[in-house]
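Scroll down for the structure; my scribbles are underneath it.
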Amino acid sequence: MVSAAPIQKKAIRFHARSFVAFALAPEAPLSNWLQGLDRWIENSPGFFLGRPVVLDLNVLKPSAGEVAGLVDELAQRGIRVYAMELAGVDDLGPGLPPVLKGARPSTLDETVTPPGQKSAPPAPAEQPQPEARTLILETPVRSGQSVFHPHGDVIVLGSVGSGSEIIAAGSIHIYGTLRGRAIAGAMGNSGARIFCQKNEAELLAVDGWYRTADDMEASTRGRPTQAYLENDVIWVAALD
Amino acid sequence: MGKVVVVTSGKGGVGKTTSTAALGAALAQTGKRVVLIDFDVGLRNLDLVLGAERRVVFDLINVTQGVAKLSQALIRDKRVDTLFLLPASQTRDKDALTEEGVESVIASLADKFDYVLCDSPAGIERGAQLAMRYADEAVIVTNPEVSSVRDSDRIIGLLDSRTLKAERGESMPKHILLTRYDSARAARGEMLSIEDVLEILSTPLLGIIPESEGVLRSSNVGSPVTLNEPTNSAAKAYVDAARRLMGEDVPMVLPVDRRGLFDRLFGRRAA
């Protein structure tokens, strides 16, 4: 029964993986913050689906009991918390996501490109990180595709289909028709802008401020358009 | 090696099965050896549209699982002797399909036939992804209507990422087949225009099939419109599309049915 199969010695190797996580930083009063989150989810259903979310509790500084309630509230909205950040606390107890330390604000060198599109080769590890890199997409972005570029600008030479989205740390330039959603300055950059040759967008957002198609200036529909932030108000204006 | 073409759409009810049958029959009538595979396991329809439902013994699942040989499952059309059908199973579901099984069936069919047309189920799940996985080319069936066009856009994205060709870094030739097109309604703005559809999908056009009662009439008697009513405008459009699929340069014309005197006098108001 027992057969002595030759045991191969294999070194255990640990592979490092880095992912860009979205950090949610709840603020008091919590009910208002959750309302704001609900409004965002209503406008972007499925936005958090499958995306790693980290809870930054350094603003709210809740008790362990409150944290459990908050994690439950988020779970009800389909948001799974992968980890939490809370200075001075090592662990919040079993049943709650682990507390992580040493996060850096989006300095990861990763781009998520639509399947089939080759992502840019990773930069050699020894070299200093470039400030910003531009992602150029030469094919149309199709419905259902999500392009996430946490470094710099995204340029699309084709159109961006209805039901697709582009999320960039910098600005977004679309040389075709924008029919999906464009989210510029996603990691916090109020100077980011969105430009498109023809505006049929479902949603435009800069630095967290957004406009849906319904509340865009009707005069910009179908025209070359830009979206930018001025005094925390997002403006959508025709370019011609 | 034959050419493997997937007929797909994302949205249901736009005419994938009807178009597979009509294109397949038109290709076979030129003397090419053509096999149609029904990938809609659990909801098979292609056998009905081809009028072969009384002759189904074995099906695609039986072949992929090794229960039956390919030659036992293939059904030869009674009208065009170069046209064959590999039916789907009606009693199983899409989980019964395996990637390896589909690959080996398509490989052996591509060996024996000039054209292997894969009739995809609706949706973007397993069945649809397996139908497109081993294709060399794709025909995307679209109605001039916003939801159909957006679903087609989604399918094009999948064709460019989830197929074997895409994973090898090759590009897959894709063609739009615009079905149920009604030029009068498009002119009145009740439908998307051909230009709108092509602009959104930025993919070349294979053909424009006009809305025609003959299509449903033919399906109901179990015969592709290209065989049953060859003079019908939709049938002619399918024949032209099949010739373009074979690489011929056929000018794109909007086929219209010749109207009778009565229609010309009173028919304008009737849609």
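Taken over the stretch B:168-217, the criterion of being small (G, A, S) and in contact (Cβ under 8 Å) with a residue 24 or more places away in the chain is satisfied by B:S183, B:A184, B:A186, B:S193, B:G207, B:S212. Report whether or not A:G208 is within 21 Å of the chain's Cα centre (by Cα) and either assigned by TED's automatic domain parsing to the domain that holds A:L37 or at positive phi (or both). In short, yes.
I'm trying to understand the selection: among the residues of the stretch B:75-101, which are closer than 12 Å to B:D38 by Cα, surrounded by fewer than 20 Cβ atoms within 10 Å (Cβ to Cβ) and modelled with pLDDT of 95 or more? Within the stretch B:75-101, no residue meets the criteria.
The number of residues in the stretch B:133-157 that are farther than 25 Å from B:Y181 by Cα and among the hydrophobic types (A, V, I, L, M, F, W, C) comes to 1. Residue count for the stretch B:197-246 satisfying the condition of being in a loop (DSSP other than H, G, I, E, B) and surrounded by 17 or more Cβ atoms within 10 Å (Cβ to Cβ): 8.
For the stretch B:168-196, a residue qualifies if it is more than 14 Å from every other protein chain (Cβ to nearest Cβ) and assigned to a loop (DSSP other than H, G, I, E, B), and the qualifying residues are B:P173, B:D182, B:R188, B:G189, B:E190, B:M191, B:S193. Number of residues in the stretch B:140-151 that are surrounded by 17 or more Cβ atoms within 10 Å (Cβ to Cβ) and either over 14 Å from B:A128 (Cα atoms) or at the interface with chain A (Cβ under 10 Å from one of its Cβ atoms) (or both) equals 7.
Residue by residue, here is whether (1) modelled with pLDDT of 95 or more; (2) surrounded by 19 or more Cβ atoms within 10 Å (Cβ to Cβ) holds:
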site: B:S9; (1), (2): yes, yes
site: B:T20; (1), (2): yes, yes
site: B:G31; (1), (2): yes, no
site: B:F39; (1), (2): yes, yes
site: B:V57; (1), (2): no, no
site: B:Q65; (1), (2): no, no
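Restricting attention to the stretch B:87-99, which residues are part of a loop (DSSP other than H, G, I, E, B) and charged (D, E, K, R)? Passing the criteria: B:R92, B:D93.
State whether the residues of the stretch B:117-132 include one that is among the polar types (S, T, N, Q) and farther than 29 Å from B:S202 by Cα. Scanning the stretch B:117-132 turns up no residue that is among the polar types (S, T, N, Q) and farther than 29 Å from B:S202 by Cα. Scanning the stretch A:147-188 for residues that are without any contact (Cβ under 8 Å) to a residue 40 or more places away in the chain, assigned to a strand (DSSP E or B) and either under 10 Å from the mean Cα position of the chain (by Cα) or outside the structural domain of A:T212 (by TED's automatic domain parsing) (or both) returns A:V147, A:H149, A:I166, A:I167, A:A168, A:I183.
Look at A:G170 and say whether it is surrounded by fewer than 24 Cβ atoms within 10 Å (Cβ to Cβ), touching a Phe, Trp or Tyr at 6+ places or on another chain (Cβ under 9 Å) and small (G, A, S). So A:G170 does not fit the description; no. Report every pair of residues separated by at least 6 positions or lying on different chains whose Cβ atoms are under 6 Å apart, first residue within the stretch B:152-167 and at the interface with chain A (Cβ under 8 Å from one of its Cβ atoms), second acidic (D, E) and not in a helix (DSSP H, G or I). Note: pairs meeting the criteria are B:A166/B:D160.
Yes/no per residue for (1) out of contact with any Ser or Thr (no Cβ under 8 Å at 6 or more places or on another chain); (2) farther than 18 Å from B:A22 by Cβ; (3) part of a loop (DSSP other than H, G, I, E, B); (4) not small (G, A, S):
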position: B:I61; (1), (2), (3), (4): no, yes, no, yes
position: B:V67; (1), (2), (3), (4): yes, yes, yes, yes
position: B:S71; (1), (2), (3), (4): yes, yes, no, no
position: B:V80; (1), (2), (3), (4): yes, no, yes, yes
position: B:L85; (1), (2), (3), (4): yes, no, no, yes
position: B:G101; (1), (2), (3), (4): no, yes, no, no
position: B:I106; (1), (2), (3), (4): yes, yes, no, yes
position: B:V116; (1), (2), (3), (4): yes, no, no, yes
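Among residues belonging to the stretch B:115-133 that are surrounded by fewer than 21 Cβ atoms within 10 Å (Cβ to Cβ) and touching a residue at least 60 places away in the same chain (Cβ under 8 Å), point out the one that is farthest from the other protein chains (Cβ to nearest Cβ). Going through the qualifying residues, I end up with B:A122.
Scan the stretch B:65-78 and report the pairs whose first residue is under 19 Å from B:A110 (Cβ atoms) and whose second residue is in a helix (DSSP H, G or I) and hydroxyl-bearing (S, T, Y), with Cβ atoms within less than 7 Å and a gap of 6+ or a chain change. Going by the 7 Å Cβ cut-off, the qualifying pairs are B:L70/B:S108.
The values are calculated or read from the model by the stated rules, or taken from the named source; none is laboratory data. Just so it is clear, the model here is predicted, and its values are computed rather than measured. Don't worry about glycine lacking a Cβ; one is built from the backbone with ideal geometry, like all the others, and counts go over all protein chains shown.
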